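Peer 1: My questions all concern the structure below.
The values are calculated or read from the model by the stated rules, or taken from the named source; none is laboratory data. Note that the coordinates shown come from a computational prediction; the quantities given were computed from them, not determined experimentally. Heads up, the Cβs are rebuilt from the backbone with ideal geometry, glycines too, and the neighbour counts pull from every protein chain shown.
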Amino acid sequence: MPAKPKFYLTTPIYYTNGLPHIGHTYTTVVADVIRRYKRMRGYQVVMTTGTDEHGVNVERAAKNAGVPESEFVAKMADAWRALWEELGLSAEEFVRTTDLRHVRTVQWLFKLCRENGYVYKGHYTGQYCIYDNAFVNDAKPGDNCPDCGRPTETLTEENYFFKLSAFQKPLLDFYKKNPDFIQPESRKNEIVSFVEGGLKDLSITRTTVRWGIPVPGEEPHVFYVWFDALTAYLSAVGGPDYEKRGMWPADLHLVGKDIIRFHTVYWPAFLMAAMLPVPKQVWAHGWFLMDASKMSKSKGNVVLPRPIANMLGMDALRYFLLREVAFGQDGNFSYDALVTRYNSDLANGLGNLASRTAAMIEKTFAGKIPKAGKLEAADEALARETQAGIGEVLDYFEKMNFARALESLWTVIAAADKYLTTQKPWSLGDSEADMQRKANILATTAELLRIVTVLAHPVLPDSTAKIWTLLGQPGSVCAVELDGLRWGQLTTGAPLGKPQTLFPRVEKSEAIERIESMANEELNPSTAPAPAPATATSAGSGAAAAPAASEKIGIEDFAKVEMRVGQIKTAERIVGADKLLKLTVDIGTEIRQICAGIAQFYEPDSLIGRKVAVVTNLAPRKLRGVVSNGMIIAASVGPEGRPVLAGFPEDVEIGARLK
Ligand code: MSP
């Protein structure tokens, strides 16, 4: 058997100053989808992801955490790796920039660039913050440090420089010869004009940073940011011994649009300087935005992958990320859209088609897919449409147009639904002719479902594996070769597998509330003890998680909770969240916006002017997209946990502290 062609793809290596949010998950999901797709097209695939662990930010974060840098980054790298594993996204290679294999590769690459005459010692002058011990990129004399706000000083330090300026022409020639190197096309134009505008040499070492890879024999020089980080792609597949592993050059670097320049200008230039093979393609995708802005923990608008995977399954998240936004463009993330798509495309679409097909085969043909006889026009039309769908979907996958690939695939699913509705197998009787007609209809539907399952596998690995078993098809769906996929390969006669839960329908507002409360808990573990909206009596989740009766807390623990008398000023319902009310509450020092899970028990108007007990020092969190800054105390009454607001029989001053 001829050796399989290789395909090496990478995600960026992620910074260790935080944990993965939906943006990082997006890149990694896409990489995983391509990996699975390429395997089904006969490639031997290696995917690399990892962590970018050096630099001043890590020095600072470790200092704040009171641990050595090595300990800090080891913990973070473990957390990233563990999360990818939990989400089914582990790569073949997880490279850390503190790995010895990486340190050696960076030092080796530097040596090659230097021997070839592309490295020189010079001086770097920039604005430096003496409090944070760091240069402030792009700052001018007189600017303040963006981190601490104090004035920066002009400082000159000795650096090694990379002669990027020498690569203007080689890069432009390279782009011309390799028109697919930068994708999508719009980004390519941006990069070409940037390079045409002239390239400045690049400082690639620092003496003011301690936490970095040492430049051998040149201490205290350490490698600076991109020379270190980009090289990780090569370290992961052999470094200096890359030829032995046979994976280099990378076939595809997947990156966000924010870091395309580093990947399409610096990285090929470093490799050209070292006379090493240059990657084949860099694909820059857009951003997932929340409320039209970039996600950040301080804004309280990060979306986490785990709560979504827990609530709807990882396949649902994968499907949404790829289906919702055209690859390459920016898009907004919304829980509403996520759950809507889940219910319509997965629960009612694919999931429903699979379970009803299996149920009909179970009932009519004792759980074995029947053989089709002579097909009628309607069967043949569906077969033709499905066969055409195969070509279309594969074509879109090749072009990385995942949204379109899924749209085409779901057109095929819709065609099957329509076919069943018009053919009505359930209305046929037991005569020989009717039984044969039913056999044809169900075999045709099962064959369509088999093909859809194979094509959807890269995006929905778990659920398609379940459908494959349900259909009683031999082997595993991931082993099916896409190149040979066509109508007419259904294995009939084999018993169906056990019925499987695929995508249970969810109630939208309840699902969103649960996702948000899991996310709040993950983001603020110390301040979000209960998976509940912002009343002590959570709507839906019953009692808040109180410590067990035997678990006593000290007065100092109780004192940490700040409670005050508040007065409700306004109250309104939140569209799409039938359990929540949005309140504004005067707590003496300020008016706070607080969401409370009491909408099913209190009319908004009846609350105006009411004095309530408010927990005022909870970290703010978002419920159904609305910021809630505090919690109203209520009793939880009866088995359904009906909230009854705590109040004051005597008149009390607004803002008075509860003790
Ligand atoms: N460490 C550098 C990359 C070095 S690669 C040699 C870095 N790390 S990062 O943690 O900031 O992650 C950057 C990548 O995460 C982006 O390029 C993008 O792939 C992904 N995303 C982070 N936030 C994102 C969104 N909100 N939306 C989509 N992807 C984004 O830069």
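Peer 1: Say we look at the range 577-611 and pick out the residues that are acidic (Asp, Glu) and part of a strand (DSSP E or B); which of these is farthest from Leu645 (Cα to Cα)?
Peer 2: So in the range 577-611, the residues acidic (Asp, Glu) come out as 578, 586, 590, 603, 605.
When the remaining residues are screened for being part of a strand (DSSP E or B), the result is 578, 586.
Values: Asp578: 18, Asp586: 16 Å.
Once the filter is applied, the top-ranked residue is Asp578.
Peer 1: Another question, then. What residue, of Thr48, Thr25, is surrounded by 19 or more Cβ atoms within 10 Å (Cβ to Cβ), within 16 Å of the ligand (Cβ to nearest atom) and part of a strand (DSSP E or B)?
Peer 2: Values: Thr25 fails: part of a strand (DSSP E or B).
From the options Thr48, Thr25, the qualifying one is Thr48.
Peer 1: Further question: Restricting to the range 115-168, name every residue that is in contact (Cβ under 8 Å) with a residue 60 or more places away in the chain, more than 13 Å from Thr208 (Cβ to Cβ) and polar (S, T, N, Q).
Peer 2: Within the range 115-168, just Asn116 meets the criteria.
Peer 1: Would the range 214-227 turn up any residue that is farther than 17 Å from Lys6 by Cβ, over 33 Å from the mean Cα position of the chain (by Cα) and either of a type in the set (A, V, I, L, M, F, W, C) or within 16 Å of the ligand (Cβ to nearest atom) (or both)? Show your work before the answer.
Peer 2: First, pick out the residues of the range 214-227 that are farther than 17 Å from Lys6 by Cβ: 214-227.
Among the residues that remain, those that are also over 33 Å from the mean Cα position of the chain (by Cα) are: 214-221.
Cutting the leftovers down to either of a type in the set (A, V, I, L, M, F, W, C) or within 16 Å of the ligand (Cβ to nearest atom) (or both) gives us 215.
Yes, some residue in the range 214-227 is farther than 17 Å from Lys6 by Cβ, over 33 Å from the mean Cα position of the chain (by Cα) and either of a type in the set (A, V, I, L, M, F, W, C) or within 16 Å of the ligand (Cβ to nearest atom) (or both).
Residue-wise test of (1) part of a helix (DSSP H, G or I); (2) of a type outside the set (Ser, Thr, Tyr); (3) modelled with pLDDT under 95; (4) buried (at least 22 other Cβ atoms within 10 Å of the Cβ).
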position	(1), (2), (3), (4)
Thr340	yes, no, no, no
Gly351	yes, yes, no, yes
Leu375	no, yes, yes, no
Ala378	yes, yes, no, no
Gln387	yes, yes, no, no
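Peer 1: Identify, from the list Val614, Val627, the residue that is under 21 Å from Asn301 (Cβ atoms) and either part of a strand (DSSP E or B) or under 33 Å from the mean Cα position of the chain (by Cα) (or both).
Peer 2: Val627
Peer 1: Moving on to the next point. Could you run through the range 228-243 and say how many residues are more than 16 Å from the ligand (Cβ to nearest atom) and among the hydroxyl-bearing types (Ser, Thr, Tyr)? Before the answer, list the steps.
Peer 2: So in the range 228-243, the residues more than 16 Å from the ligand (Cβ to nearest atom) come out as 238, 240-243.
Checking the rest, the ones that are also among the hydroxyl-bearing types (Ser, Thr, Tyr) come to 242.
Total meeting the criteria: 1.
Peer 1: Quick one: which residue in Lys176, Lys169, Lys111, Lys188 is within 30 Å of Ala273 (Cα to Cα), in contact with a strand residue (DSSP E or B) (Cβ under 7 Å, 6 or more places away or on another chain), modelled with pLDDT of 95 or more and in a helix (DSSP H, G or I)? Give the steps one after another, and end with the answer.
Peer 2: Working: Lys176 fails: in contact with a strand residue (DSSP E or B) (Cβ under 7 Å, 6 or more places away or on another chain); Lys169 fails: in contact with a strand residue (DSSP E or B) (Cβ under 7 Å, 6 or more places away or on another chain); Lys111 fails: in contact with a strand residue (DSSP E or B) (Cβ under 7 Å, 6 or more places away or on another chain).
Result: Lys188 is the single residue among Lys176, Lys169, Lys111, Lys188 that is within 30 Å of Ala273 (Cα to Cα), in contact with a strand residue (DSSP E or B) (Cβ under 7 Å, 6 or more places away or on another chain), modelled with pLDDT of 95 or more and in a helix (DSSP H, G or I).
Peer 1: Being more than 22 Å from Asn401 (Cβ to Cβ), within 12 Å of the ligand (Cβ to nearest atom) and assigned to a helix (DSSP H, G or I) narrows it down to one of Asn17, Asn57, Asn64, so name that one.
Peer 2: Working: Asn17 fails: assigned to a helix (DSSP H, G or I); Asn64 fails: within 12 Å of the ligand (Cβ to nearest atom).
Within the list Asn17, Asn57, Asn64, the selection yields Asn57.
Peer 1: Among the numbered conditions (1) at pLDDT 95 or above; (2) assigned to a loop (DSSP other than H, G, I, E, B); (3) in contact with a helix residue (DSSP H, G or I) (Cβ under 8 Å, 6 or more places away or on another chain), tell me where Thr491 comes up short.
Peer 2: (3)
Peer 1: Taking the conditions exactly as written (more than 16 Å from the ligand (Cβ to nearest atom), crowded, with 21+ Cβ neighbours inside 10 Å and not hydrophobic (A, V, I, L, M, F, W, C)), does Arg206 satisfy them or not?
Peer 2: Details: more than 16 Å from the ligand (Cβ to nearest atom): yes; crowded, with 21+ Cβ neighbours inside 10 Å: yes; not hydrophobic (A, V, I, L, M, F, W, C): yes.
For Arg206, the condition - more than 16 Å from the ligand (Cβ to nearest atom), crowded, with 21+ Cβ neighbours inside 10 Å and not hydrophobic (A, V, I, L, M, F, W, C) - is met.
Peer 1: May I ask you to verify whether Tyr396 is over 21 Å from Gly484 (Cα atoms) and aromatic (Phe, Trp, Tyr)? Walk me through how you get there before you give the answer.
Peer 2: Values: over 21 Å from Gly484 (Cα atoms): no; aromatic (Phe, Trp, Tyr): yes.
Taking the combined requirement at face value, the residue does not satisfy it.
Peer 1: Same structure again: Among the residues in the range 176-197, are any within 30 Å of Ser70 (Cα to Cα) and not aromatic (Phe, Trp, Tyr)?
Peer 2: Filtering the range 176-197 for residues within 30 Å of Ser70 (Cα to Cα) gives none.
No, the range 176-197 has no match at all.
Peer 1: Could you list, in sequence order, all residues of the range 244-291 that are within 12 Å of the ligand (Cβ to nearest atom), of a type in the set (A, V, I, L, M, F, W, C) and either part of a loop (DSSP other than H, G, I, E, B) or farther than 23 Å from Leu202 by Cβ (or both)?
Peer 2: Passing the criteria: Ala250, Leu254, Trp283, Trp287, Phe288, Leu289, Met290.
Peer 1: Looking for something touching a residue at least 24 places away in the same chain (Cβ under 8 Å), on the phi < 0 side of the Ramachandran plot, within 12 Å of the ligand (Cβ to nearest atom) and buried (at least 22 other Cβ atoms within 10 Å of the Cβ) - is there at least one such residue anywhere in the range 2-10?
Peer 2: yes
Peer 1: Condition first: touching a Pro at 6+ places or on another chain (Cβ under 7 Å) and either modelled with pLDDT under 85 or among the aliphatic types (A, V, I, L, M) (or both). Now tell me which residues in the range 114-142 satisfy that.
Peer 2: Val136
Yes/no matrix, rows are residues, columns are (1) exposed (fewer than 14 other Cβ atoms within 10 Å of the Cβ); (2) hydroxyl-bearing (Ser, Thr, Tyr):
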| residue | (1), (2) |
| --- | --- |
| Lys560 | yes, no |
| Asp586 | no, no |
| Thr589 | yes, yes |
| Ala596 | no, no |
| Pro604 | no, no |
| Pro620 | no, no |
| Asp651 | yes, no |
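Peer 1: Would you mention how many residues in the range 427-452 are crowded, with 16+ Cβ neighbours inside 10 Å and not in a helix (DSSP H, G or I)?
Peer 2: 1
Peer 1: Within the range 30-42, can one find any residue that is within 10 Å of the ligand (Cβ to nearest atom), part of a helix (DSSP H, G or I) and more than 30 Å from Val136 (Cα to Cα)?
Peer 2: Step one: of the range 30-42, the residues within 10 Å of the ligand (Cβ to nearest atom) are 30-31.
Filter again for part of a helix (DSSP H, G or I), leaving 30-31.
Those left that are additionally more than 30 Å from Val136 (Cα to Cα): 30-31.
There is at least one residue in the range 30-42 that is within 10 Å of the ligand (Cβ to nearest atom), part of a helix (DSSP H, G or I) and more than 30 Å from Val136 (Cα to Cα).
The rows are residues; the columns are (1) under 30 Å from Pro305 (Cβ atoms); (2) touching an Asp or Glu at 6+ places or on another chain (Cβ under 9 Å); (3) among the hydrophobic types (A, V, I, L, M, F, W, C).
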{"site": "Val477", "(1), (2), (3)": "yes, no, yes"}
{"site": "Gly484", "(1), (2), (3)": "no, no, no"}
{"site": "Ala494", "(1), (2), (3)": "no, no, yes"}
{"site": "Pro499", "(1), (2), (3)": "yes, yes, no"}
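Peer 1: Another question, if that's okay. The conditions are (1) basic (Lys, Arg); (2) within 13 Å of the chain's Cα centre (by Cα); (3) within 10 Å of the ligand (Cβ to nearest atom), and Arg306 fails exactly one of them. Which is it?
Peer 2: The number of the failed condition is (3).
Peer 1: I need the full set of residues from the range 456-475 which are without any contact (Cβ under 8 Å) to a residue 24 or more places away in the chain and out of contact with any helix residue (DSSP H, G or I) (no Cβ under 7 Å at 6 or more places or on another chain), in order please.
Peer 2: Passing the criteria: Pro474, Gly475.
Peer 1: Between a residue in the range 394-415 that is without any contact (Cβ under 8 Å) to a residue 60 or more places away in the chain and any residue that is crowded, with 19+ Cβ neighbours inside 10 Å and small (Gly, Ala, Ser), which pairs come within a Cβ distance under 8 Å, given they are 6 or more apart or on different chains?
Peer 2: Tyr396/Ala405; Tyr396/Ser408; Ser408/Gly389; Leu409/Gly389; Leu409/Ala456; Thr411/Gly389; Val412/Gly389
Peer 1: Another question, then. Only one of Glu516, Glu551 is outside any loop (DSSP other than H, G, I, E, B) and modelled with pLDDT under 95; which?
Peer 2: Working: Glu551 fails: outside any loop (DSSP other than H, G, I, E, B).
Step by step, each of Glu516, Glu551 is checked, and only Glu516 is outside any loop (DSSP other than H, G, I, E, B) and modelled with pLDDT under 95.
Peer 1: Moving on to the next point. Would you mind finding the one in Leu382, Leu350, Leu346 that is farther than 20 Å from Ser463 by Cα and not aromatic (Phe, Trp, Tyr)? Steps first, please.
Peer 2: Numbers: Leu350 fails: farther than 20 Å from Ser463 by Cα; Leu346 fails: farther than 20 Å from Ser463 by Cα.
Just a single option satisfies the conditions, and that option is Leu382.
Peer 1: Please go through the range 47-96 and pick out each residue that is under 22 Å from Arg36 (Cα atoms) and in contact with an Asp or Glu (Cβ under 6 Å, 6 or more places away or on another chain).
Peer 2: Step one: filter the range 47-96 for residues under 22 Å from Arg36 (Cα atoms), giving 47-50, 80-95.
The answer is Met47, Thr48, Leu89.
Peer 1: Is it true that Glu69 is farther than 19 Å from Tyr233 by Cβ and more than 10 Å from the ligand (Cβ to nearest atom)?
Peer 2: Working: farther than 19 Å from Tyr233 by Cβ: yes; more than 10 Å from the ligand (Cβ to nearest atom): yes.
Judged against the criteria, Glu69 is a match.
Peer 1: Please tell me if His102 is within 12 Å of the ligand (Cβ to nearest atom), over 30 Å from Asn520 (Cβ atoms) and either part of a helix (DSSP H, G or I) or of a type in the set (Asp, Glu) (or both).
Peer 2: Values: within 12 Å of the ligand (Cβ to nearest atom): yes; over 30 Å from Asn520 (Cβ atoms): yes; either part of a helix (DSSP H, G or I) or of a type in the set (Asp, Glu) (or both): yes.
So His102 passes the test.
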